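For reference, the structure is listed below as structure tokens.
Each reported figure results from applying straightforward, stated rules to the coordinates on display, with no laboratory input. This structure is a prediction, so every number in the text was calculated from the model and none was measured. Heads up, the Cβs are rebuilt from the backbone with ideal geometry, glycines too, and the neighbour counts pull from every protein chain shown.
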Amino acid sequence: MLVDLVQLTIFGLVVGGIFALGAVGVSLLFGILRFANFAHGDMMTLGAYLALVFVGPLALPMWVAFPAALAGTALAAVAIDRALFKRLRRASPVILLISSFGLALILRSLIQIIWGPENIVYWTDIVLPWRLGEIRIRPPHVVMLAVTVALVVALHLFLTRTRIGKAMRAMADDPDLARITGIPTERVILWTWALGGALAAAAGIFLAVDTRLNPLLGWNVLLPVFAAALLGGIGKPYGAIAGGFLLGVAGEVSTLVLDPVYKPAVAFAVIVLVLVYRPTGLFGGR
Amino acid sequence: MTALLEMRAVRGGYGGVDILNGIDLAVREREIVVVIGPNGAGKSTAMKAIFGLVAVREGEIRFKGQDITNMAPERLVPLGLSYVPQERNVFPSLTVQENLELGAYVRRDDAAAELAEVLALFPVLEERRQQAVGTMSGGERQMVAIGRALMTRPELLLLDEPTAGLSPRATELIFERIRAINQKGVAILMVEQNAKQALAFADRAYVLVGGANRYEDSGPAVLAHPEIAEMFLGG
């Protein structure tokens with residue numbers, strides 16, 4: 001039983017890290033632009049397929065493909081903002097939300113047109129898990145967790161030490177006051193898309209390493225990603241990270257008592273409970 | 001003395017509905033000007049119009065002779081204009097230090113001197129530099145809000161009801177600090193509900209009614225005006 005718990009917690013942390021990386025972008029974008037980005041899952045998918053371009057046709061190692069895919073997705077996110085959302089800056093949140101839903105469909109269809117609907121893997125070689133007593137640890141999981149932690153630390157330094165990072169937190173707190181203060185809000189918005197896109201790509205690649213690439217990859221985890229952002233208090237990047245890990249572990253550990261097919265239901269339950277009892281999130285966001 | 005800020009026959013409001021129906025207002029260098037009036041008189045809206053947050057449909061606003069009508073806040077701040085809104089005037093999840101630093105965002109140079117000056121003005125903030133502003137009292141938040149606005153060394157500070165919801169003691173302190181800021185040469189344009197106290201030290205005051213000028217005079221003269229006193233100052 002204890003072994004199962006430890007094993008599931010490890011899986012939960014890996015999955016939770018993926019939710020966390022996705023949720024940070026959702027949370028910051030919501031805080032700054034006031035809408036839930038339904039295309040965030042498909043930005044994760046895009047990142048995962050961009051990495052495939054680098055490791056597949058270009059035959060580059062993953063440590064090169066990973067940052068390249070992050071940069072590519074960040075650029076794509078900025079381009080999307082310029083082409084679509086910048087025109088809707090004064091539109092109501094509902095219009096933005098529906099537009100992001102449309103964007104999600106466009107991205108997913110483009111990915112399916114380019115790469116096809118079938119499942120793809122980055123590598124076909126089989127890696128044996130390490131054994132620590134009865135606990136099995138897959139080497140990719142260790143790398144993924146380490147990179148997730150590194151990204152979270154880098155994000156923390158960016159948000160607390162750089163001018164633009166502080167401006168981003170300020171704008172997520174209160175966009176109107178940020179404008180009054182003289183913060184160049186359009187620049188902050190661009191940086192937020194780039195950051196959200198890069199972290200979404202990281203989440204997408206990890207998810208694809210853990211499972212398989214397919215056009216529905218990111219869309220399938222959008223619900224827990226939203227739940228994590230909500231749990232952490234929307235507009236609070238640190239809350240979103242905590243929410244992601246919490247949800248990941250809760251989902252895996254729930255399989256001790258629940259049939260694994262109900263795992264997504266845990267995210268739903270969390271959303272409902274948070275909205276009913278703590279609508280500002282566990283850490284007092286908006 | 002030349003006028004620092006001038007509003008001439010300003011009309012404007014939200015989404016086609018005018019709230020300001022021709023407002024004239026001037027602030028000269030180093031002056032404290034107080035705006036009073038009943039609810040819905042357009043006092044806060046006038047402030048927002050100056051700061052480019054409400055569309056001005058007619059008339060013009062000049063700052064140091066330059067036309068700033070409908071100019072975006074990020075262009076106004078570098079000109080020497082700062083604004084402290086009535087509510088939501090701090091970044092609650094950020095620390096005191098970060099709130100103040102962000103006030104200096106438009107300046108590319110180091111703002112250490114300004115930071116030291118603000119902390120000297122509000123010594124309570126010194127020991128709380130690393131505290132999140134959201135956890136502080138109303139009076140302390142107001143200090144952070146005013147401090148944030150001072151970080152650009154403005155020539156004119158717009159304050160929208162700086163003592164709203166504060167205890168009498170905190171109100172006293174904020175008014176006293178506002179005068180200290182003014183002594184350093186910063187002109188102040190202030191909307192205030194605690195009108196009696198504010199008028200006592202105002203150089204000049206405007207009474208607005210229905211989005212238009214009703215009366216203007218020196219602060220003490222407005223305070224002594226029987227009709228105004230009865231209407232807005234509770235007799």
Ranked by GNM mean-square fluctuation in chain A (Cα springs under 10 Å), the top entry among A:I164, A:I135, A:I205 is A:I135
Per-residue Cβ contact counts at 10 Å, fewest first, order A:I18, A:I189 as A:I189, A:I18
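Could you work out [θ]222 nm for the protein assembly as shown from helices alone, using -39500 (n - 2.57) per DSSP H run of at least four and dividing by all its residues? Round to the nearest 500 deg cm²/dmol.
Values: 21 runs with 289 residues, N = 521.
The helix-only estimate for the protein assembly as shown comes to -18000 deg cm²/dmol at 222 nm.
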Phi angles of region A:72-79, converted by Karplus (6.51 cos²θ - 1.76 cosθ + 1.60, θ = phi - 60°) into ³J(HN,Hα) in whole Hz with x for Gly and Pro, give x, 5, 4, 4, 4, 5, 5, 4
Fewest to most Cβ atoms within 10 Å: A:S109, B:S82 sort as A:S109, B:S82
Filtered hits (lysines, Cα-Cα < 26 Å from A:K86, offset >= 8 within chain) -> A:K166, A:K236, B:K48
Once both label points are put 7 Å beyond Cα along the C-beta direction, the A:V257-B:E29 separation in nm becomes 7.4
Given Cβ charges of +1 for Lys and Arg and -1 for Asp and Glu, the option among A:L60, A:N214, A:L28 whose Cα lies farthest towards the positive end of the dipole of the protein assembly as shown is A:L60
Between the modelled labels at B:R57 and B:A224 (7 Å from Cα along Cα→Cβ) the distance in nm is 4.0
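To the nearest 20 debye, what is the magnitude of the charge dipole of the protein assembly as shown about its Cα centre, counting +1 on the Cβ of each Lys and Arg and -1 on the Cβ of each Asp and Glu? Walk me through the numbers before you get to the answer.
Details: 46 positive and 43 negative charges, 140 e Å.
Result for the protein assembly as shown is approximately 680 debye, rounded to the nearest 20.
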Any trypsin sites (Lys or Arg not before Pro) in region B:163-193 that lie in a DSSP loop and have at most 12 other Cβ atoms within 10 Å would be B:K184
Whole-Hz Karplus couplings 3J(HN,Hα) for region B:8-20, θ = phi - 60° and coefficients 6.51, -1.76, 1.60, Gly and Pro as x, run 10, 6, 7, 10, x, x, 9, x, x, 9, 6, 10, 9
A correct Karplus calculation of ³J(HN,Hα) over region A:44-51, with 6.51 cos²θ - 1.76 cosθ + 1.60, θ = phi - 60°, whole Hz and x for Gly and Pro, returns 4, 4, 4, x, 5, 6, 4, 4
Here, B:Q193 and A:L216, labelled 7 Å along Cα→Cβ, have an inter-label distance in nm of 5.6
To the nearest 20 debye, chain B has a Cα-centred charge dipole, built from +1 on Lys and Arg Cβ and -1 on Asp and Glu Cβ, of 160
Per GNM of chain A with C-alpha springs under 10 angstrom, the most fluctuating residue out of A:L258, A:L190, A:L13 is A:L258
Given the candidates A:A83, A:Y238, A:G47, the one whose Cα lies deepest towards the positive end of the charge dipole of the protein assembly as shown, counting +1 at each Lys or Arg C-beta and -1 at each Asp or Glu C-beta, is A:G47
In region B:91-235, taking the dipole from +1 charges on Lys and Arg beta carbons and -1 charges on Asp and Glu beta carbons about the Cα centre, the listed residue (B:A104, B:H225, B:L158) farthest towards the positive end is B:A104
Ranked by GNM mean-square fluctuation in chain A (Cα springs under 10 Å), the top entry among A:T73, A:T148, A:T160 is A:T160
Residues meeting the amide H criterion for B:V56 (H placed from the backbone, H to H distance under 5 Å, 5 or more places apart or on another chain) are B:N70
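Using Cα pairs under 8 angstrom and six or more residues apart, how large is the relative contact order of region A:161-286, in percent? Each step should come with its number before you reach the end.
Values: 110 pairs, mean separation 26.2, N = 126.
Rounded, it is 21 percent for region A:161-286.
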Using alpha carbon centers only, region A:259-282 is separated from region A:16-86 by a whole-angstrom value of 25
Check: C-alpha center region A:176-244 vs C-alpha center region B:3-80, spacing in Å is 39
